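Here the structure comes first, spelled out in structure tokens, and everything after it is commentary.
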Amino acid sequence: MDPLSALRDFTIRSELDKVTQTGDEILFGSDYTFPSSIETAYRSKQGNLYTLQTVVYFIKHYNLKHTDYIQRARSNKLPAVTLPDRKPLYEYLTGVTDSADQIETVIANDHVLNDGKIVETDGGGDDLELDDISLIRACERPLKDREALLECKGIDFYSVLVSSTRREEERQRIESQQRKDGLVAKNRLMGVDERGIGYGGGGGGGAGDEAYEANPKPKLLQLKSGKIGEGVPIILVPSASQTLITIYNVKEFLEDGVYIPTDVKVKNMNGMRPECVTVQKKFSRDRDQVVKAYEVRDKPSTMKSEDWDRVVAVFVLGKEWQFKEWPFKDHVEIFNKIIGFYMRFEDDSVESAKIVKQWNVKIISISKNKRHQDRAAALEVWDRLEEFVRSRSHS
């Protein structure tokens, strides 16, 4: 059966729900399978043959106004059935009419196959009686050949490459993160009073043999003051998803200066939720390239008393309950010992920051769409944090 007749048959039987598209093929239940791009026997008044995909989409959306149907077809990148063809095609598919002038005929010897009906012709030759095999072959239309299979219509191998590359980059990022977290944990176990890891030679007296090493080992930078607890300093973020900065996207924002919405990160990480994230900040000190490491956490309830001594910053949610179980008596004490940041979109209403304006926190604004401006916001966070840490260390 040709695709147009098959569609007419399923339409009349009210079984259009069984006509589905999978990849570049259209399935008629378990009865027939045709390429979605195959041309049907129905010729438009403009001269072209409608494809099966176009006719299927038309009959399934006939209840729409023609203008709405046209817009939907365009959004799905499908050619639309024209207004002059709309009524006759619909009446033929639904069985109101048995034939239409616009249906192409297939000639087999001296017989015309029109919608599966055999009509004798007076073509001038001897009338031949077609056997069953000849009738079947006359109705056949080739679906695929070797060239069609090699074309792989509807498959974009570039998108496959991009997807594969992204998965590999994500795997490498996770492995790199695990190595960083392992380094931080090792330093904490060794009791290192670290505020950063320096790379390079020089940097004051006592360079000694280190200046002549081909691959100098990281050197530890220690603060002169013990005001901040021993170990890697901690930055706290809210565990609620309605805030802009979370445990999921804080690394990209602070290290790369790029804001990625939390829901996007959660989807890319396949639901994996990190317990702790390490972020690093590079800066120059004398002739050294220095990297400072910070732990980012979002579960204050699991922290020990010595952990609280290492907390240097917090991204606030703007809700009182965020500080419910914190070991401080009020907001004044919190934001004297810890610098607070409140992230917001620059076009948010003033009411959204009404509460935090009463606290001693820094309000950082970013654009909803202009991602190139994120780096400036991230640098402002780092600048204010470094200034706060220096002042706290020398107080």
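Where a number appears in this text, it was derived from the coordinates with a stated rule and is not lab data. Keep in mind that what you see is a predicted model, and the values were worked out from it rather than measured. Note: ideal-geometry Cβ built from the backbone for every residue, glycine included; neighbour counts use all protein chains shown.
Observations
- Charges were assigned to the Cβ only: +1 to each Lys and Arg, -1 to each Asp and Glu. The resulting dipole of region 341-389 about its Cα centre is roughly 140 debye.
- Amide H contacts under 5 Å for V311, placed H, 5+ residues apart: I234
- Cα gyration tensor shape of region 352-395, rounded if a/c is under 1.5, else prolate or oblate by comparing a/b with b/c: oblate
- Order of F28, F335 - criterion: other Cβ atoms within 10 Å of each residue's Cβ, fewest first: F335, F28
- When you filter the trypsin sites (Lys or Arg not before Pro) in region 1-109 for DSSP loop state and at most 16 other Cβ atoms inside 10 Å of their Cβ, you are left with R13, K45, K65, K77.
- The simple Förster model, with R0 at 56 Å and r as the Cβ-Cβ distance, assigns E104 and S349 a FRET efficiency of 0.35.
- Available extension along the chain between T20 and S393 is 127.5 nm, counting 0.36 nm per residue and deducting the alpha carbon span.
- Farthest toward the positive end of the dipole of region 263-395, out of V291, I364, W308, is the Cα of V291, where the dipole comes from beta carbon charges about the Cα centre.
- Modelled label positions at I260 and V96, each set 7 Å beyond Cα in the direction of Cβ, lie 5.4 nm from each other.
- Between K319 and D383, the simple spin-label model (points 7 angstrom out along Cα→Cβ) gives 3.2 nm.
- Taken as Cα centroids, region 290-338 and region 346-395 sit 16 Å apart, rounded to the nearest whole angstrom.
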